[in-house]
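The values are calculated or read from the model by the stated rules, or taken from the named source; none is laboratory data. Computed from a predicted model, the values in this text were never measured in an experiment. Cβ sites come from the backbone with ideal geometry, for glycine too, and all protein chains shown count toward neighbours. Ligands, DNA and RNA are excluded from the accessible area calculation, which covers all protein heavy atoms including side chains. Shrake-Rupley method; radii C 1.70, N 1.55, O 1.52, S 1.80 Å.
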Amino acid sequence: MKNIDTLLHARWVIPVDEKHSCLEDHSIAIDDGKILDILPTQQAKVRYQANTVGNHEQHALIPGLINSHTHAAMNLFRGLADDLHLMDWLENHIWPAEAKHINEAFVHTGTELAIAEMLRSGTTCFNDMYFYPDITAKVATDIGIRASVGLILIDFPTVWANNSDEYIDKGLAVFDHYKGSDLIKTAFAPHAPYTVSDKPLKQIRTLSDELEISVHMHIHETAFEVEQAVKNTGKRPLQRLHELGLISPGLQAVHMTQLLDDEIELLVANGSHVVHCPESNMKLASGICDVNKLSKAGINVALGTDSSSSNNDLDMFGEMRSAALLAKISTMDATTLPAEQVLQMATINGAKALGIDEFTGSLETGKSADIVAVNFDSIETLPVYNPVSHLVYCCSRENVSDVWVAGKQLLTDNSLNTIDTVKLKQDCIRISDEIRKL
Ligand SMILES: [Zn+2]
């Protein structure tokens, strides 16, 4: 018998592989933070002696979900301004609130609140874009969750930086600090084509090539954005970004509700990724990203929630269901975006978009043990004929019982192991009371 760290026995293991496997009565052997083996439970019990054994007899073990677009700290603005169009929401509510309230303590508590919510929802990795990326990275590291932290850039001065040079310099310092990290990756995060001018975008292009880091950006979020760009510059935003050299395999283009056929071809030819945020797009009435068309064209499409101020949660189970339903009604075809494909978008496709699919995004030998246990033994989830269907159409995040990142258990029976939730709630209430006063 081989001695290992952890052995997880489960009713189902859903690796999210090419064959859409759903393995019954299987176990996952974990050692040194990595998946050592996936095998039938009977064999596992003979082959491995583990320090920790988990019995998940009514559960499915799935890869940790990857939320491919967040603004984590904005959890503290959840429910602050709703039922507004994007530009009204941004210009008259969110940007003024940010100007008044954002500081290191805000980002610390907001990010901790977001990570607590994400872990309890089965998310093991998030792709963030916000001010004080150094704080976001530190909070994520301290808690033990995986993250790609966006090095934000926007043309106007904020509490984080005064001008594009300062945004880039401070971003590069965060990149340097986390270069060797197992959990934290960085990406440039220019906010959007309408908030970032050509000069810093050219610098980002050069630096992203040089340092081999991705570019995470909101693009073609609304028809209004595209119309305004055409009016002001004579070009659609994607054309401008292409001329600046930014359409590349490292591009994570978020939203993309407005795409012409030749623009889809451009993305295919350059191997760029699209991040679909269906609930934010529906809530802000931004438009619909044609996921079916993009996927059929060969584009990798990942899934994200966007912020808690435009969603208003970070629930990837809800997002999976919304993505499936929106795709079906918008194409008037119930066969569009089946459950297996939606689960891929929330796991392996996210890992590909973030450039981390070599070591996470699916349950495979050698990959990091980023694993979620989903309990199907509830009134709301019985009976179970097809576990993958359940994950997308039936389960909610309340069914998530346990979560591991790099083999470390961060959630046990729905309780967070590395977050002081009593203090977190107090901090959250204190800051929201201050926001309410102003
Ligand atoms: Zn966003």
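Counting the residues of the range 59-95 that are open to solvent by less than 10 Å² (accessible area, probe 1.4 Å), more than 16 Å from the ligand (Cβ to nearest atom) and not in a loop (DSSP other than H, G, I, E, B) gives 5. Among the residues of the range 270-294, which ones are open to solvent by 40 Å² or more (accessible area, probe 1.4 Å), away from the ligand (no atom under 13 Å from the Cβ) and not acidic (Asp, Glu)? Result: Asn270, Met282, Ala285, Ile288, Lys293. Taking the range 229-257 as the range and being within 16 Å of the ligand (Cβ to nearest atom) and of a type in the set (S, T, N, Q) as the test, the residues that pass are Gln252, Thr257.
Restricting the range 307-318 to residues that are open to solvent by less than 10 Å² (accessible area, probe 1.4 Å) and not hydroxyl-bearing (Ser, Thr, Tyr), the residue that is farthest from the ligand (Cβ to nearest atom) is Phe317. For the range 26-58, a residue qualifies if it is surrounded by 19 or more Cβ atoms within 10 Å (Cβ to Cβ), polar (S, T, N, Q) and assigned to a helix (DSSP H, G or I), and exactly one does: Thr41.
Can you find a residue in the range 62-80 that is free of Cβ contacts under 8 Å to residues at least 24 places away in the same chain and either over 23 Å from the mean Cα position of the chain (by Cα) or closer than 22 Å to Ser389 by Cα (or both)? Scanning the range 62-80, I find no residue that is free of Cβ contacts under 8 Å to residues at least 24 places away in the same chain and either over 23 Å from the mean Cα position of the chain (by Cα) or closer than 22 Å to Ser389 by Cα (or both), so the answer is no.
Rundown of residues vs (1) within 29 Å of Arg205 (Cα to Cα); (2) of a type outside the set (A, V, I, L, M), yes/no style:
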position	(1), (2)
Pro237	yes, yes
Gly250	yes, yes
His276	yes, yes
Lys283	no, yes
Asp290	yes, yes
Asn300	yes, yes
Ala323	no, no
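Within the range 168-206, restricting attention to residues that are in contact (Cβ under 8 Å) with a residue 40 or more places away in the chain and open to solvent by 70 Å² or more (accessible area, probe 1.4 Å), the residue that is nearest to Phe359 (Cα to Cα) is Asp182.
On inspection, Asp209 fails the criterion of being open to solvent by 10 Å² or more (accessible area, probe 1.4 Å) and not in a helix (DSSP H, G or I). Listed conditions (1) within 16 Å of the ligand (Cβ to nearest atom); (2) over 17 Å from the mean Cα position of the chain (by Cα) are all met by Lys328, apart from (1).
Does the range 160-167 contain at least one residue that is within 28 Å of Glu319 (Cα to Cα), of a type in the set (Ser, Thr, Tyr) and open to solvent by 10 Å² or more (accessible area, probe 1.4 Å)? The answer is no; no qualifying residue exists.
Report whether or not Lys367 is surrounded by fewer than 23 Cβ atoms within 10 Å (Cβ to Cβ) and in contact with a strand residue (DSSP E or B) (Cβ under 8 Å, 6 or more places away or on another chain). Taking the combined requirement at face value, the residue satisfies it.
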